[in-house]
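Read the figures in this text as sums done on the coordinates, not as results from a lab. Worth saying up front: this structure is predicted, and the values here are computed from it rather than measured. All Cβ positions, glycine included, derive from the backbone under ideal geometry; neighbour counts span all protein chains shown.
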Amino acid sequence: MEIVFITYESALAVDEIDSLFRERAERYRAMDGLLQKFYLRDEKNGRVGGIYVFESAASADALFESDIHASLREAYKVRDIDIARYQVMFPLYESADFPESP
């Protein structure tokens, strides 16, 4: 399992970012090997982004080769981006169900 953290500053307003997150979500749902994505906002530091959970290194590699990732900087008017990638050593729980967000 692989985790990818992507955070960035955007020139867009928060409501525009939220709208884009929701518009583009279906494309992530269709991505092979993407088990979960969490959309993030750090109000204090003005950063947004996502945590991606992939089933394998190969499926994480595919993110970086995808059209949706290639369009990220332009779509969100990205000013400063940080990308980190980690291998999962083991999960605390074998399976986790998360409640839906409003």
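Cβ-to-Cβ counts within 10 Å put Lys37, Lys77 in ascending order as Lys77, Lys37, the fewest first. For the chain, the Cβ-based charge dipole about the Cα centre amounts to some 220 debye (Lys, Arg positive; Asp, Glu negative; other atoms uncharged). A convex hull fitted around the alpha carbon atoms of segment 1-48 yields 78 Å³ per residue. Return a whole-number percent for the relative contact order of the chain, with Cα pairs under 8 Å and 6 or more residues apart as the contact set. Reported as a whole number, the value is 45 percent. Shown here: segment 42-92, whose C-alpha atoms stretch 33, 29, 11 Å along the first, second and third principal axes, sorted largest to smallest. For the chain, the mean residue ellipticity at 222 nm estimated from helices alone is -9000 deg cm²/dmol, where every DSSP H run of n ≥ 4 contributes -39500 (n - 2.57) and the total is divided by all residues, rounded to the nearest 500.
Shown here: log10 I(q)/I(0) by the Debye sum over Cα atoms at q = 0.12, 0.22, 0.23 Å⁻¹, derived from the displayed model; of the candidates [x] -0.41, -1.33, -1.42; [y] -0.63, -1.03, -1.11; [z] -0.53, -1.14, -1.20, it corresponds to [x]. Annotation: the residues Val48, Val78, sorted from fewest to most other C-beta atoms within 10 Å of their own C-beta, follow the order Val78, Val48.
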